[in-house]
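Working notes, beginning with the structure itself.
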Amino acid sequence: MSDLMDEITAELLQLQEKKLFRQRRIVDGPQGPILSMDGQQYLAFCNNDYLGLANHPALIAAARDGLERFGVGASSSALISGHSKVCEELEVALAAFVGMPRALYFSNGYMANMGIIPSLVGAGDMVLSDRLNHACLIDGARLSGAELRVYPHNDVARLEQQLAKSKSPRKLVVTDGVFSMDGDIAPLPALLMLCEQYDAWLLVDDAHGFGVLGPQGRGSLAHFGLAAPRVLYMGTLGKAAGVSGAFVAGDAMLIEWLLQRARTYVFTTASPPLLASALLAALNLLQTEIWRQQHLKELILRLRQGLADLPWPLLPSETAIQALVVADNQLALDLMANLLQSGIWVPAIRPPTVPKGTARLRITLSAAHTAEQVDQLIKALHAVARKLSISKN
């Protein structure tokens, strides 16, 4: 036991020396553009509440109604007695919203992908995964026991080579719709074309596209106008939708198979019905308050124009995720610290969350931000660049 503790202690010290040690920060109060931490308020560009719905009065009222109607907990797995009427209504509404025959509601996105992938493929099959996919897609692929092939980020040509060589009876291509650390959008039309050509399934994790991209925020597939029975669409509901949970939508028979076989759905207590009540209200707002998506687009353009002459590059992105790559771990921490001193909270993201040598500030915008707040961030970043005596090459 002492040897194990000594090893863990040494590895924790190594994390600190490499500037990779992480610490939680305690937030007191609701999510929003202004966050309270350690008794101080900060202008925040650090959460995924892309449409500013997390504290919307309509969602709060719907959650209260669900609480009074169903109580606090589901108290059972969905396949026993935990599947409430409001959860059924939510699944029907989600399927209709993304234009697919049927949907299945999961507790969260990680559990969804950890259940979906092993239900579809196994030993002898193949999963083909973008190098920058989220950890839950990678872990789901590993858990499945299928052969895992990784293709370079958004490299359609390399993916085609891998598909052409594959002799596996089942092939599953998995990709983020919007990549969580870069903010770019997957080339979904090209990926779907390859899946059609080589008889593969396509799983799209649209955690950061649902609610933001496409008409009324219907997601990355709608953004490209895509629809096909061989596509499974996974969207999370704790980001743009402002609540919690996730869903997968697709062919009705496939969804029935996942209901029967996805272990992370079958063997867990169902989500509290009050969350489904709030999510129904969120879906309504996505379709009626479309100014939110438009305002977010305007803020994205404003930020990109304002930061164009910084010494660090912004990665190409038309989404709410704007990555300012500074490469060095310590520099990313210094930038975050200087911004915190100015009352602005932008997280420093370092390996292994991002590839080695690509440490960055991950700026996330929300429809709840004002243009003036974005200007405040722009001004502060320029001031920090001058303070650190960095000039653009």
*J(HN,Hα) series, segment 213-220, from Karplus relation 6.51 cos²θ - 1.76 cosθ + 1.60, nearest Hz, glycine and proline x*: 8, x, x, 6, x, 6, x, 5
*asked:* Give me the percent relative contact order of segment 269-332, please, defined on Cα pairs under 8 angstrom at least 6 residues apart.
replied: 20
*Rg/Rg_globular for segment 1-155, with Rg_globular taken as 2.2 N^0.38 Å and Rg from C-alpha atoms*: 1.42
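Which order do the peptides 187-200, 268-281, 223-236 take when ranked by the mean count of other beta-carbon atoms within 10 Å per residue, highest first?
By packing density, highest mean first, the sequence is 268-281, 223-236, 187-200.
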*Considering only protein heavy atoms, with the full assembly of protein chains and a 1.4 angstrom probe, order 136, 46 by accessible area, largest first.*
46, 136
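Averaged across orientations, what area in nm² does the convex hull of the alpha carbons in segment 115-160 project?
3.0
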*trypsin sites (Lys or Arg not before Pro), restricted to segment 307-393: which are DSSP loop and have at most 16 other Cβ atoms within 10 Å?*
356, 392
*Can you pull a Stokes-Einstein diffusion coefficient for segment 237-393 at 10 °C (1.306 mPa s), Rh from Kirkwood over Cα pairs, as a whole number of µm²/s?*
86
*Be a star and scan segment 321-343 for residues whose amide nitrogen sits under 18 Å from the point 7 Å along the Cα-to-Cβ vector of residue 20.*
326-334
*Expressed as a rounded percentage, what relative contact order does segment 47-112 have, with Cα pairs under 8 Å and six or more residues apart?*
14
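Across the chain, how many lysine pairs, 8 or more apart or on two chains, come within less than 18 Å at their alpha-carbon atoms? Show your work: numbers first, answer last.
Numbers: 18/356; 19/356; 239/297; 379/387; 379/392.
Value for the chain: 5.
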*What per residue convex hull volume, in Å³, do the alpha-carbon atoms of segment 139-223 yield?*
95
_Tell me the relative contact order for the chain as a rounded percent, counting alpha carbon contacts under 8 Å between residues six or more apart._
22
*Taking Cα centroids, how far is segment 282-327 from segment 52-72 in Å?*
28
*Place a +1 charge on the Cβ of each Lys and Arg in the chain and a -1 charge on the Cβ of each Asp and Glu, then give the dipole magnitude about the Cα centre in debye, rounded to the nearest 20.*
420
*Work out the P(r) tail for segment 200-283: percent of alpha carbon pairs separated by more than 19 Å, whole number.*
43
*In whole Å and largest first, what semi-axes does the C-alpha gyration tensor of segment 198-239 yield when each eigenvalue is scaled by 5 and square-rooted?*
19, 12, 6
*Which cross-chain or sequence-distant (5 or more) residues have an amide H under 5 Å from the amide H of residue 52, H modelled 1.01 Å from N in plane?*
367, 368
*Using Cα-only point scatterers and the Debye equation, what is log10 of I(q)/I(0) for the chain at each q in 0.08, 0.10 Å⁻¹, rounded to two decimals?*
-0.45, -0.71
_Selection from 113, 291, 320, by position along the positive dipole direction of the chain (Cβ)_ = 320
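Report the antiparallel proportion of the DSSP beta bridges in the chain as a percent, rounded to a multiple of 5.
Values: 25 of 45 bridges.
DSSP beta bridges in the chain are roughly 55 percent antiparallel.
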*Provide the percentage of antiparallel DSSP beta bridges, counting only those with both residues in segment 99-198; round to the nearest 5.*
10
*Hey, can you grab everything whose amide H is under 5 Å from the amide H of residue 173? Only 5+ residues off in sequence or another chain; H modelled, so Pro and N-termini drop out.*
128, 201, 202, 203
*Quickly estimate the mean residue ellipticity at 222 nm for the chain, helices only: each DSSP H run with n ≥ 4 gives -39500 (n - 2.57), and the total goes over all residues, rounded to 500.*
-13000 deg cm²/dmol
_Positive-end extreme of charge dipole, segment 131-282 - chosen from 233, 245, 255 (charges on Cβ)_ = 255
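The values are calculated or read from the model by the stated rules, or taken from the named source; none is laboratory data. Since the structure is predicted, the reported quantities are computational estimates derived from the model, not experimental observations. Glycine also receives a Cβ, built like all others from the backbone with ideal geometry; neighbour counts cover every protein chain displayed. Keep in mind that these areas ignore ligands, DNA and RNA; they rest on the heavy atoms of the full protein, side chains included. Shrake-Rupley method; radii C 1.70, N 1.55, O 1.52, S 1.80 Å.
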